[in-house]
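One structure is given below, encoded as structure tokens.
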Amino acid sequence: MSISVAPPGTSTPDTGTPDTTADAAQPTNRDESPVRGRRRSLVPPRWVSLIAVLGIWQAASSTGVLPTNLLASPITIAQTGARLIVSGELLGAVQVSLGRVAVGLVLGLLAGTVLGLLTGLSRWGDALVDPPLQALRTLPHLGLVPLFILWFGIGELPKVLLIALGVMFPIYLNLHSAVRGVDRGLLEVARVNDVGPGRTLREIIFPSVTAPMLVALRQALSIAWLTLIVSEQVNASSGLGYMINNARDFLQTDVIVVGLVVYAALGLISDGIVRLIEARTLAWRAGTVLR
């Protein structure tokens, strides 16, 4: 019996038997590669860089490379924070600052929501109200501090109104855009079925603008804390800004840093609360996650 051998460069006929040799040599999933797994396991935790920065900071302060009159060491700052908490000075200042932010935030939310709905739902409102608001938005609201002091004095009112003005614009812009972006098909269905304006707002518009409004609220909170820092530096008799001003006069850098850390912590906590509300309110929404 003779066996024919195909010459080089010709293909062998298909016998119906699958060739699994090449497939077996290739990995079925790149994510399961041992090299990739080892690389992923070598990624350090996120807090390592923060600990390293604090360690370098403390070492520079202890060796005199970083003078303490310019910036206190982390240990000194922690001790100062504990002392201010025990004395009640820090908690009292935080309470005053939180009150200012809360009142300004509520006023800004109300103003931004009313104006956003007015210009978003009404062509007349958009034509008459939006142009002056856009012109006012281009002004840096923190630059209005001297005018607010002249108009409203040096009490609590100018501080609260500055916070409200800073909060109003991100709420207004996001709500105006979200209302204009509501699915017109849903609105047409509501019109055809003779659904009233109240029910349309409650069942179509409000659910559609929830996500943009929560994003706007996070932006508004960051602006509120920034405005509070600036406003409390001007003629304040209480609050975190007043505490920082006093520390500046006496060159107490540890107290200044404690105040700044508290500002940052309050901003992170408030942002985390809004993110938690967003996660629970919009749990039905499937996000896009890149792997």
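Quick rundown of the values:
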item: Residue among 110, 98 that is closer than 24 Å to residue 225 by Cα, in contact (Cβ under 8 Å) with a residue 12 or more places away in the chain and out of contact with any Phe, Trp or Tyr (no Cβ under 7 Å at 6 or more places or on another chain); result: 98
item: Enumeration of residues in the range 261-282 that are part of a helix (DSSP H, G or I) and over 11 Å from the mean Cα position of the chain (by Cα); result: 261, 262, 263, 264, 265, 266, 276, 277, 278, 279, 280, 281
item: Residue match in the range 105-124 (condition: at pLDDT below 90, in contact with a His (Cβ under 9 Å, 6 or more places away or on another chain), charged (D, E, K, R) and within 30 Å of residue 205 (Cα to Cα)); result: no
item: Qualifying residue in the range 83-97 (condition: surrounded by 15 or more Cβ atoms within 10 Å (Cβ to Cβ), closer than 19 Å to residue 213 by Cα and modelled with pLDDT of 90 or more); result: no
item: Residues satisfying the stated conditions in the range 54-78, i.e. surrounded by 11 or more Cβ atoms within 10 Å (Cβ to Cβ), in a helix (DSSP H, G or I), free of Cβ contacts under 8 Å to residues at least 40 places away in the same chain and not aromatic (Phe, Trp, Tyr); result: 54, 55, 56, 58, 59, 60, 61, 62, 74, 75, 78
item: Residues satisfying the stated conditions in the range 68-106, i.e. farther than 30 Å from residue 161 by Cβ and of a type outside the set (A, V, I, L, M); result: 68, 69, 73, 74, 76, 79, 80, 81, 83, 87
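Results for (1) in contact with a Phe, Trp or Tyr (Cβ under 8 Å, 6 or more places away or on another chain); (2) under 30 Å from residue 80 (Cα atoms); (3) modelled with pLDDT of 75 or more, shown as yes or no for each residue.
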{"residue": "174", "(1), (2), (3)": "no, no, yes"}
{"residue": "197", "(1), (2), (3)": "no, no, no"}
{"residue": "229", "(1), (2), (3)": "yes, yes, yes"}
{"residue": "244", "(1), (2), (3)": "no, yes, yes"}
{"residue": "260", "(1), (2), (3)": "no, yes, yes"}
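The values are calculated or read from the model by the stated rules, or taken from the named source; none is laboratory data. Quick caveat, the model's predicted, so the values are computed rather than measured. Methodologically, a virtual Cβ is constructed for each residue, glycine included, from the backbone with ideal geometry; neighbour enumeration extends over all protein chains shown.
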